[in-house]
Each structure stands twice: as C-alpha cells, then as structure tokens.
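This report refers to the structure that appears directly beneath it.
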Amino acid sequence: MQDLKKYWKNYIDGQWVDSARGERIVVENPATAQPLCEVARATEEDIDQAVAAARKCFNSRVLYNMRPTNRGQLMFEIARHMTEMAEEIGYAECLDNGKTLTGGKNEALAAARYFTYYGGLADKLEGRMIPLGADYVDYTIPSPFGVSAQIVPWNFPLQIAARSVACALATANTVVLKSPELSPLSTYFIAEACDRAGVPAGAVNVVCGYGHDCGAYLVAHQDIDHIVFTGSLKTGQSILKAAAERVIPSVMELGGKSAGVMFEDADIDQAINSTASGIFSNAGQVCSAQSRLLVPRKLQAEVLEKMAAKAKSLSVGPGIDGHDITPVISANQAAKIEGMCMSAEQAGAEALTGGRKHPDLEGHFIEPTVFGNVTADMTIAQEEVFGPVLSVLAYDDVEEAIELANGTDYGLCAGIYTKNLGLAHWAADRLIAGQVFINEWFAGGIETPFGGMKRSGYGREKGQEALLNYVQTKNVGIRITAGGGGRPGG
Ligand code: NAD
C-alpha cells in the first residue's frame, strides 16, 4: 500500500483546488492520536465558488437533459471507479477514521453499490398521467430541486455521502458536499470517481471545512435549493433554522437511542450476539446502534452475565491490526463518553465491564462497556453516547417493554428478539421507529428505507423512498380542445 498523501485539496467545478485563504485543517489518526495529513480548509469564498459551480451546472441542464438511462450509466461508471479504488479508500478510511482495513474497504464497496442502485433507478422515476376528460391532458414531472447542499458526519462519511450524492445525481440535482473535518479523506474519492467517470464539471463539488463556519455558511447560502443533513440533533436543529429562513426542503438524518427488546422466548445467545454487533460495531459510533437492551426481569442476571462476557471477549486496538473495538474519533469524543459513563455510575448504574478509556493505548480507545441496574430516568438511558456503551434495563411485562423502548426523544431504530411471530408483529407495530429489526440488529440494506421518527429526523435515505426527497412534483395541465371533447383544435 502506497503512503497516504500528506495534503488533500477541495474539488470544485471539476478541479482540485487549494482553499481560497490557503488555510488547512490537520487530520489526526485516532488510533495513534498523531497528526496524519492536512486538508484544504474551505471557508466562505470556497463555498461561494462551489455553489456557483453547482448552480452553473444545474442551469446548463446537462444532467437533466440527458436520457435518464444514460445518467444511470454515468453512475455505473462512478461505481466502477470507486470499486477499483476500494483498497486505497479502505486504507485512507482506516487511518483517518479508525476502522479496520476490511471495514474501510467495505465502505468503498457500499458506496459503489449506492451508485449502481440509484443509477439503476434513474430511468424508473416516472410522473403520472391524470385523467381529466377529453378536453385536457394532465401529467406530472418529478423535477429536481437544483443545488443540493449535503453535510455528513464522521462515523461513516463515505457511505453516507454516497447515498446522498447518488440520489442527487439520479434525479439531476447538483451537489455541494461538505465533508466532516474529523475524517474527510474517503469523501474525496467520490470526487475522484466522478472525475474519472466524466461527470460534468460542477455537478459534484466536495469541500472540507469546519461546521460552525463552512457548514453554517453553506446551509444559509442564498443559492442552494435543498439540504441533506446527517449528524447530531443539535446541529440539525440549527440547520433547520437556516432552511426555514429560506423555505427550502431538507432531509434530516439525526441521532438515536435505539432499544432491542428481548422477549422471554428469545434465543438468548442469538440476542446477545446480535446486540454485541449492534452496539460494538464501529466502536458504537453508529446512529442506529443498539444502545439499550430491554430484558424480562427474570432473565436479567443471566443476560447481564453473558453480555459482559461477550464484551470482555472483544479485542481493543487499532483498526489496522484488525481489532474488534477500534478507536473513537477524537480525544473530545473519548472524554465525552467516559464522562457519561462516570455520571451513569454516580446515578446508580453498575458497569459490569468497561466504562473507561483503555489505560494502555495511546489512541482514543474506550473499553466495551455494559451497564446493568439502569433505569429509564438516567441520562445514560436517554441520551446518545455514540460509543461502545450498552445500557441494560429490566421490564416486567411486554406493555412496559414497549413503553420503555419508545420512552426517549428519538425514534431511529428498534429491535425485537423472539421466536413468536405474532408477538414480533404486534411489537413492530407499536414501536415508534423508522426501522424495526427482528432477531438481527441491522437487518436491511441499501435497498431498505432508512430514517427517523420523532427527533431522529425526517425524510428517508436508502431504498426507493429516498429518491422522493430529491424531486418536487410539477403538474402540467393542458387544455387541448376549445371545448366539447371534439377533435384537437375543433
Ligand atoms: P455533528 O452534528 O457534530 O456534525 C455533523 C456534520 O455537521 C459535520 O460535517 C460538521 O462539520 C457539520 N456541522 C457542525 N455544525 C454545523 C453547523 N452549525 N452548520 C452546518 N454544519 C455543521 O455530528 P457528528 O458528531 O459528526 O456525528 C454524530 C451524529 O450524527 C450522531 O448524533 C449520530 O447519531 C448522527 N448520525 C446520524 C445518521 C443517520 O443516518 N440518522 C448517520 C450517522 C450519524
């Protein structure tokens, strides 16, 4: 594997460019806590240029006028280049994000799949013809919004960016993507793949900057038409104010505090393994993480013992060495997680294992953590930790289990562990969540709609539903006769 580039530029109007002010952001390797490389730091002038390029490309109608099947072919080309670069992407993602090499490569392959999936749908988004009698022809056109401003978080920057960029291209929108300042490298490969595939200049622009200036400036820009935001509730709320000011639509993919409900008849070992994958994958930095496990009180002791044993069996260390628990993204994030664990203990929760930063490792490692004795009123049971920290809560009857699962501000995901299909169906219907997993956390894929209820946001990404967030319906009504239903012109 070749050495990682030491400096990465922004991609604006089909060119790799320095930032207008010549400023840079230092990107750290979270596994070593050492500087890794620098990226050009976009500020207002760079955003102005990126938005102008996206506007010019949109107004040229180059994407819109293309036969949709050809737009799809162009997206297949992006996917092909992304796949060819998968090893290189995986390496970059491993170093700047902390994932394993396999995890990083899988990000690239998943990103490629988003382009093939939505490329395949580009020619299947159709309008309707609405019958109005003999004197009229009426039809609808799914019209792109224009310039789509997209902001992504650091936990899965490439996949998340790919799902939004792919939808935008399939529907002939143009894009300004702001990558996350903590782990931006993989998103540049979207630009590289677009460049190699021959995507028109200005259709996809990728810039990196800080949220408080670059991101805030982008979402308030007078010349954007659409926002796709994936990130925290707090940032989402501030972006929504900018969207409200300009009355532009937005997709909000926010946080979660998702619960898996284990019913009495569940296969306990299967539920434990699924829960471990749900909370410990990507060091718990997953919006759809299973951060709570609800268990029947009589099974509590057995489940806690097995869950703690499972957590203890996981190796903690750098992704490049293939460990199970890789680092969290930054010192701030590690301190926040550790602080939440300490507060939970003060509130009466019991850490059966973990709860602290790893004592012997240089990077930002948190030990896999299992809390018992958690009650619904505790902060650890209500707020997103975004780390490898599971809270186990006991319940007495199934109605209480559903109430506990629904008892947070969020509604991103929920899970059920049972062999009883009737009970699973009953519970799935009552859980307030955008997606419900039965007997396997993360069941689903690129094809399945994903998004939140309540404060986890609105709009859907993934699946066919996502495309509907990238178009607005235009109705065209035509009077074709002077009246009377006769021949045209009669
Ligand atoms: P964050 O909200 O801090 O940052 C997300 C992005 O927003 C970053 O690119 C950041 O630079 C930018 N940003 C920050 N302040 C901004 C502002 N005022 N205006 C415009 N942009 C701004 O979130 P994070 O810490 O990077 O990511 C973790 C959060 O993302 C968690 O809450 C997680 O649940 C959520 N998330 C949700 C999904 C989903 O699909 N629902 C997926 C992944 C992560």
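The values are calculated or read from the model by the stated rules, or taken from the named source; none is laboratory data. Nothing here was measured: the structure is a model prediction, and the numbers come from that model. When we count neighbours, we look across all protein chains shown, and the Cβ atoms used for this are built from the backbone with ideal geometry, even at glycine. Ligands, DNA and RNA are excluded from the accessible area calculation, which covers all protein heavy atoms including side chains. Shrake-Rupley method; radii C 1.70, N 1.55, O 1.52, S 1.80 Å.
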Self-check item: Extension gain, ALA376 back to ASN475 (0.36 nm per residue minus Cα-Cα distance, nm)
Solution: 30.8 nm
Quiz item: Where Rh is the Kirkwood radius over the Cα pairs of region 185-308, the temperature 10 °C and the viscosity 1.306 mPa s, what D in µm²/s does Stokes-Einstein return?
Solution: 88
Practice problem: Give me D for the chain in µm² s⁻¹, whole number, from Stokes-Einstein with Rh from the Kirkwood sum over alpha-carbon pairs, 25 °C and 0.890 mPa s. | Solution: 104
Self-check item: Long-range HN-HN contacts of LEU36 with modeled amide H, under 5 Å
Solution: VAL27, GLU28, ASN29
Self-check item: Lys, Arg +1 and Asp, Glu -1 on Cβ, resulting dipole of region 258-438 about Cα centre, debye, nearest 20
Solution: 280
Practice problem: For THR481, list long-range residues whose amide hydrogen, built 1.01 Å from N in the peptide plane, is under 5 Å from its own amide hydrogen. | Solution: none
Quiz item: Which percent of Cα pairs goes in each bin when the distances of region 258-438 are cut into 5 angstrom slices starting at zero?
Solution: 1, 9, 19, 22, 21, 14, 8, 4, 1, 0
Quiz prompt | Protection proxy ranking, peptides 314-321, 36-43, 83-90, 17-24, average beta carbon neighbours within 10 Å, highest first | solution = 36-43, 83-90, 314-321, 17-24
Exercise. Just grab the label-to-label distance for LEU132 and LYS5, each label 7 Å out from Cα along the Cβ direction, in nm (one decimal).
Key: 5.2
Quiz prompt | Calculated from backbone phi, Karplus (6.51, -1.76, 1.60) coupling profile of region 415-429 in Hz, x at Gly/Pro | solution = x, 9, 10, 6, 9, 8, 4, x, 5, 4, 5, 4, 5, 4, 5
Quiz item: To the nearest 20 debye, what charge dipole does region 7-254 have about its Cα centre, counting +1 at the Cβ of each Lys and Arg and -1 at the Cβ of each Asp and Glu?
Solution: 460
Quiz item: How many percent of the accessible area of the chain is carbon or sulfur, using a 1.4 Å probe?
Solution: 50
Quiz item: Helix 268-280 sits at what angle to the longest principal axis of the chain, using alpha carbons and giving 0 to 90 degrees rounded to 10?
Solution: 60
Quiz item: Against the longest alpha carbon principal axis of the chain, how many degrees, from 0 to 90 and to the nearest 10, is the axis of helix 44-60 turned?
Solution: 50
Practice problem: Only loop residues by DSSP count here, and only those with at most 10 other Cβ atoms within 10 Å; note down the GluC sites (Glu not before Pro) in region 396-457 that meet that. | Solution: GLU447
Quiz prompt | Distant alpha-carbon pairs in region 1-109 (separation over 25 angstrom), percent | solution = 40
Practice problem: Please report the relative contact order for region 258-438, taking Cα pairs under 8 Å with a sequence separation of at least 6, and give it as a percent rounded to a whole number. | Solution: 29
Quiz item: Expressed in nm to one decimal, what extension gain is obtained for the pair ILE141 and ARG67 from 0.36 nm per residue of sequence separation less their Cα-Cα distance?
Solution: 25.2 nm
Quiz prompt | Amide H partners (placed H, <5 Å) of PHE437, local residues excluded | solution = ALA414, GLY415, ILE416
Exercise. For an R0 of 35 angstrom, estimate the FRET efficiency from the Cβ-Cβ distance between LYS419 and GLU345 and round to the nearest 0.05.
Key: 0.50
Practice problem: Report, ordered by chain and residue number, the aspartates and glutamates lying within cross-link reach of LYS454, taken as a straight Cα distance under 13 Å and ignoring same-chain residues fewer than 8 apart. | Solution: GLU253, ASP409
Quiz item: Tell me, what is the per residue accessible area of the chain in Å², probe radius 1.4 Å?
Solution: 40
Quiz item: So, with +1 on the Cβ of K and R and -1 on the Cβ of D and E, and no other charges, what is the size of the charge dipole of the chain about its Cα centre, to the nearest 20 debye?
Solution: 1500
Quiz item: If you take the Cα atoms of region 351-461, find Rg, then find the Kirkwood Rh from the mean of 1/r over all pairs, what is Rg/Rh?
Solution: 1.00
Quiz item: Which whole-Hz couplings ³J(HN,Hα) result when phi for each residue of region 185-194 is put into the Karplus expression 6.51 cos²θ - 1.76 cosθ + 1.60, θ = phi - 60°, listed in order with x for Gly and Pro?
Solution: 4, 5, 5, 5, 6, 5, 4, 4, 5, 5
Exercise. From the C-alpha gyration tensor of region 7-254, pull out the three semi-axes of the equivalent ellipsoid (sqrt of 5λ each), sorted largest to smallest, in whole Å.
Key: 31, 21, 16
Practice problem: Counting helices only, and only those DSSP H runs with n ≥ 4, report the 222 nm mean residue ellipticity of the chain as the sum of -39,500 (n - 2.57) divided by its residues, in deg cm²/dmol to the nearest 500. | Solution: -11500 deg cm²/dmol
Exercise. Calculate one ³J(HN,Hα) per residue across region 11-16 by plugging θ = phi - 60° into the Karplus curve 6.51 cos²θ - 1.76 cosθ + 1.60, and present them in order as whole Hz with x for glycine and proline.
Key: 10, 10, 6, x, 10, 8
Exercise. Round to a whole angstrom and tell me the spacing of the C-alpha centers of region 171-217 and region 220-255.
Key: 17
Exercise. Report the one residue of GLY348, VAL389, ASN469 whose Cα lies farthest in the direction of the positive end of the charge dipole of the chain (charges on C-beta: Lys and Arg +1, Asp and Glu -1; origin at the Cα centre).
Key: ASN469
Exercise. Can you tell me how much longer the chain between SER60 and ARG356 gets when fully stretched, taken as 0.36 nm per residue apart minus their C-alpha distance, in nm with one decimal?
Key: 101.1 nm
